Amino acid sequence: MKVERRAQGATRRSILQLLRRHGQMSAVELSAALDIGAVGIRQHLTALEREGLVYICGLRRNVGRPAHLYALTERAEAFFPKHYERLVCELIESVASVGGEAAIGAVLEQRRKTLSAELAPQLSGKPRAAQVAALAERLADQGYMCECEQLDNGDLIMAQYNCPFDCVARRYPQMCDQELRLYEELLATPIERDMTIAEGGHCCRYRIPA
């Protein structure tokens, strides 16, 4: 059973890779490319549709029956490496080589101001707990794996179990400093941070007063 599941997984990865290369393909074209029967390919495509990884994007009208064309969804992009973190590190290093530490500070400060202007309206007018929940939800959307909980005394704990910029934060602690300043500005209160991923912790953890 495990061997069969591995084989199915390998076939579905191959289908995703072919669609990534060619953009749109029919079941018959995928069948020919992978040397697998069209019935089997359609079963895999149905499973991939159910998982939200492919969708029917059109019809190809040839002689005979029209053929459905399949393409990748946005969700499928997660299966292909992007190396954004490496690019960000290289860009920050280029900024440092041109303008030194001051230039890095200016870039990260501008990023903080931009994020603050974007997020502040979403938190405005809400009680503290609702503000933290809304902030955690937005950070989770950005890949931070962010969660929050309220303690018995009313204080809130916001924990981030993933850092989308871990590579940068480990080299340039200014990024962590700007993140803390951003949250303090948005919530209009001093915040205690007792752990960071960049310093070896299993999460970045913030204690926010009630």
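Throughout, read-outs are computed from the coordinates displayed, never taken from laboratory work. Bear in mind that the values here come from a model prediction, so they are computed numbers and not experimental data. Every residue, glycine as well, gets a Cβ built from its backbone with ideal geometry; the counts of neighbours run over all protein chains shown.
Binning the alpha carbon pair distances of the chain at 5 angstrom intervals from zero yields the distribution 1, 6, 11, 14, 11, 9, 9, 10, 9, 9, 6, 3, 1, 0, 0, expressed in whole percent.
Within segment 84-208, the percentage of alpha carbon pairs spaced more than 16 angstrom apart rounds to 63%.
By other beta-carbon atoms within 10 Å, ranking Tyr70, Tyr55 with the fewest at the front produces Tyr55, Tyr70. Here the 3J(HN,Hα) profile of segment 147-161, calculated from phi with Karplus coefficients 6.51, -1.76 and 1.60 at θ = phi - 60°, is 9, 9, 8, 10, 7, 4, 7, x, 5, 10, 10, 10, 10, 10, 8 Hz, Gly and Pro shown as x. Summarising the amide proton neighbourhood of Met25: residues at separation of 5 or more, or on other chains, whose placed amide H is nearer than 5 Å comprise Tyr70.
Couplings 3J(HN,Hα) of segment 167-178, computed from phi: 4, 5, 4, 5, 8, 10, x, 4, 5, 5, 4, 5 Hz, in residue order, whole Hz [Karplus 6.51 cos²θ - 1.76 cosθ + 1.60, θ = phi - 60°; x for Gly and Pro]. Projecting the alpha carbon convex hull of segment 33-123 along each direction and taking the average yields 11.3 nm². Shown here for segment 34-92: trypsin sites (Lys or Arg not before Pro) in loop regions (DSSP other than H, G, I, E, B) with at most 15 other Cβ atoms within 10 Å, namely Arg61, Lys82.
Our coupling estimate for segment 202-210, obtained by passing each phi through the Karplus curve with A = 6.51, B = -1.76, C = 1.60 and θ = phi - 60°, is 7, 7, 9, 10, 10, 10, 10, x, 5 Hz, Gly and Pro reported as x. Sorting Ser94, Ser14, Ser26 by the number of Cβ atoms found within 10 Å of their own Cβ, with the fewest placed first, yields Ser94, Ser14, Ser26. Taking Cβ atoms as reference points and 13 Å as the exclusive limit, the residues near Glu137 contribute a net charge of 0, counting Lys and Arg as +1 and Asp and Glu as -1.
A Förster radius of 45 Å combined with the Cβ-Cβ distance from Glu109 to Ala71 puts the calculated FRET efficiency at roughly 0.65. Which one, Ala33, Tyr70, Asn153, is farthest towards the positive end of the dipole of the chain when Lys and Arg carry +1 and Asp and Glu -1 on their Cβ? Farthest along the dipole direction, towards plus: Ala33.
If you take the Cα centroid of segment 117-151 and the Cα centroid of segment 37-116, the two points sit 25 Å apart.
With the Kirkwood sum run over all distinct C-alpha pairs, segment 2-79 has a hydrodynamic radius of 12.6 Å. Basic side chains Lys and Arg get +1 at the Cβ, acidic Asp and Glu get -1 at the Cβ, and with that the dipole of the chain about its Cα centre reaches some 1260 debye.
Calculated translational diffusion coefficient of segment 26-66 (37 °C, 0.692 mPa s; Stokes-Einstein with Kirkwood radius over alpha-carbon pairs) equals 299 µm²/s. When each of Phe165, Phe80 is scored by the number of other beta-carbon atoms lying within 10 Å, the sequence from fewest to most is Phe80, Phe165.
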